[in-house]
Amino acid sequence: MADRKILAGHAVRRIRRATGQTQVAMADSLGISPSYLNLIEKNQRPLSASLMLRLAEQYDFDPRQLSSDAPGGGVEGLRRRLSDPLFADLSVDRAEIEEWLAAAPAGVEAFARAFDRMTEGGGGGAVEEEAQPVRLVRREIERWRNHFPDLDAQAEAMADELRLGSGDLYGALGERLRQRHQIGIRILPADIMPGYVRRLDLHARQLQLSEMLDAASRTFQAAYQIADLEARAEIDALVHGAAFTDRYAQRLLRRHLTSYFAAAVMMPYDRFLRACEASGYDLLLLQRRFGAGFEQIAHRLTTLQRTGARGLPFFMVRIDRAGQSSKRYAGASAAPIVEMEGRCPLWNLHSAFNRPSEIQSQLVELEDGERWFTLSRAVTRPNSSVYGGQALFAIGLGVKAEFAGPLVYARNIDLEHGPAEQIGLGCSACTRPSCSQRSAPPRGRVLRFNERERGLSPFDFATD
């Protein structure tokens with residue numbers, strides 16, 4: 001970020017107005033002249049690295065959020081929208097988007113809102129082929145950067161209370177259910193609960209769990225039930241604040257928030273963040289220390305955005321063997337990889353299925369030169385029947401290479417200049433020539449044919 005010119009007048013102006021300051025007062029606190037601050041707010045001067053640090057110290061915000069707070073989600077948010085087939089013939093590059101943001105931030109925001117309204121209403125081609133309720137909920141989660149501070153604070157207080165009573169979290173959760181809600185936990189054979197992993201039987205006052213659940217999943221389900229009983233008011237307030245008219249979206253968001261609370265009880269914010277930083281984000285160590293599954297740890301990493309105590313800005317995706325996404329969280333990362341239409345086969349997320357017990361790391365570089373450090377691992381999910389086999393998914397985690405230095409997995413890797421796999425955002429959005437893995441031509445490019453030649457790629461196209 002120190003090497004890139006950041007035009008963030010919109011963000012600076014919002015901070016100043018939120019604190020009720022005049023330009024003169026804010027300029028004085030930052031040690032600059034009011035006229036210079038005025039130019040910054042008009043995007044006629046970039047923010048220097050030293051000024052960003054002063055802003056962060058004075059007003060307690062994360063400089064990494066500048067691009068994601070920009071109108072329309074900044075460069076990456078606009079790139080995602082402009083990858084729609086509607087704009088395929090325009091070939092708008094990153095430089096043009098940056099100029100547009102600098103010259104007309106309000107116009108950018110107006111375009112973004114109009115495009116989002118059009119795609120939500122089915123009036124145009126949506127970039128992602130998700131069901132409407134799922135898309136609505138994902139956008140609400142990303143609006144919060146998958147961090148819900150009130151839920152985290154309440155869950156952390158509950159976790160500390162449970163920890164005082166017992167070192168066994170599962171046992172403490174069961175005791176809380178029994179004493180406060182007169183609900184016992186009963187583990188039932190898989191053939192008694194076909195097709196279910198959890199069931200609340202109010203008549204018998206039992207939380208019934210399938211024997212197929214492992215220890216981490218049993219703890220999570222107990223915490224989920226307590227969240228539903230004791231954090232309902234806070235969760236309902238967040239669902240109401242989303243202002244969904246779609247009742248399925250409301251229920252999906254409520255499920256996500258209840259799961260969020262349960263995970264926060266298992267992995268309390270401060271203790272989890274300290275363990276992450278002390279261990280270099282060692283995922284297996286974190287699993288053992290917090291009695292959680294790999295997917296639970298990965299998901300929790302995308303939520304660490306508490307003001308004044310932020311973790312690394314991770315993204316997470318979960319795919320099946322067919323490459324279909326069933327979870328994707330950008331968090332504070334603003335990662336275009338999360339939003340891409342397809343998956344690049346050169347990303348080793350797909351090879352994780354071949355080595356299910358291994359965490360694979362990879363340094364990748366997108367077409368615009370942006371580098372990401374990623375981690376991939378396959379996980380299994382038990383079927384509710386002993387005869388049903390196991391569901392298999394691959395979990396992908398990633399963080400911008402410039403932030404990956406603290407990771408134990410990135411040791412001895414030159415993140416800035418070392419070799420990186422050149423990947424794209426799916427074949428239809430990728431314009432890299434001569435890719436032998438290409439399965440479709442890029443949108444908006446004219447195909448070329450020469451019967452006397454055959455390149456590595458089955459599609460030859462104009463590169464400009």
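Rule-based calculations on the coordinates, nothing more; no lab input. Remember, it's a predicted structure, so these values are computed and weren't measured experimentally. When we count neighbours, we look across all protein chains shown, and the Cβ atoms used for this are built from the backbone with ideal geometry, even at glycine.
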>> For the chain, what does the convex hull of the Cα positions come to per residue, in cubic angstrom?
In response: 174 Å³
> Could you give me the ³J(HN,Hα) list for region 424-436, computed from phi with Karplus coefficients 6.51, -1.76, 1.60 and θ = phi - 60°, whole Hz, x at Gly and Pro?
Replying inline: x, 9, x, 4, 5, 10, 9, 10, 5, x, 6, 9, 6
>> Net charge around ILE319, counting only other residues with Cβ within less than 10 Å of its Cβ (Lys, Arg = +1; Asp, Glu = -1)?
In response: +4
> Using the count of nearby Cβ atoms within 10 Å as a rough guide to exposure, how do MET158, MET267 rank from fewest to most?
Replying inline: MET158, MET267
> Among HIS299, HIS147, HIS181, HIS350, which comes first, then next, by fewest other beta-carbon atoms within 10 Å?
Replying inline: HIS181, HIS350, HIS147, HIS299
> When only DSSP loop residues count, what GluC sites (Glu not before Pro) in region 321-411 have their Cβ near at most 14 other Cβ atoms within 10 Å?
Replying inline: GLU358
>> Only sites in a loop by DSSP and with at most 12 other Cβ atoms within 10 Å count here; which trypsin sites (Lys or Arg not before Pro) in region 399-447 make the cut?
In response: ARG411
> Using the count of nearby Cβ atoms within 10 Å as a rough guide to exposure, how do TYR269, TYR248 rank from fewest to most?
Replying inline: TYR248, TYR269
>> At 222 nm, what value in deg cm²/dmol follows for the chain if DSSP H runs of at least 4 each add -39500 (n - 2.57) and the sum is divided by all its residues, to the nearest 500?
In response: -12500 deg cm²/dmol
>> Once each part is reduced to its C-alpha centroid, what is the distance from region 193-250 to region 415-452 in angstrom?
In response: 44 Å
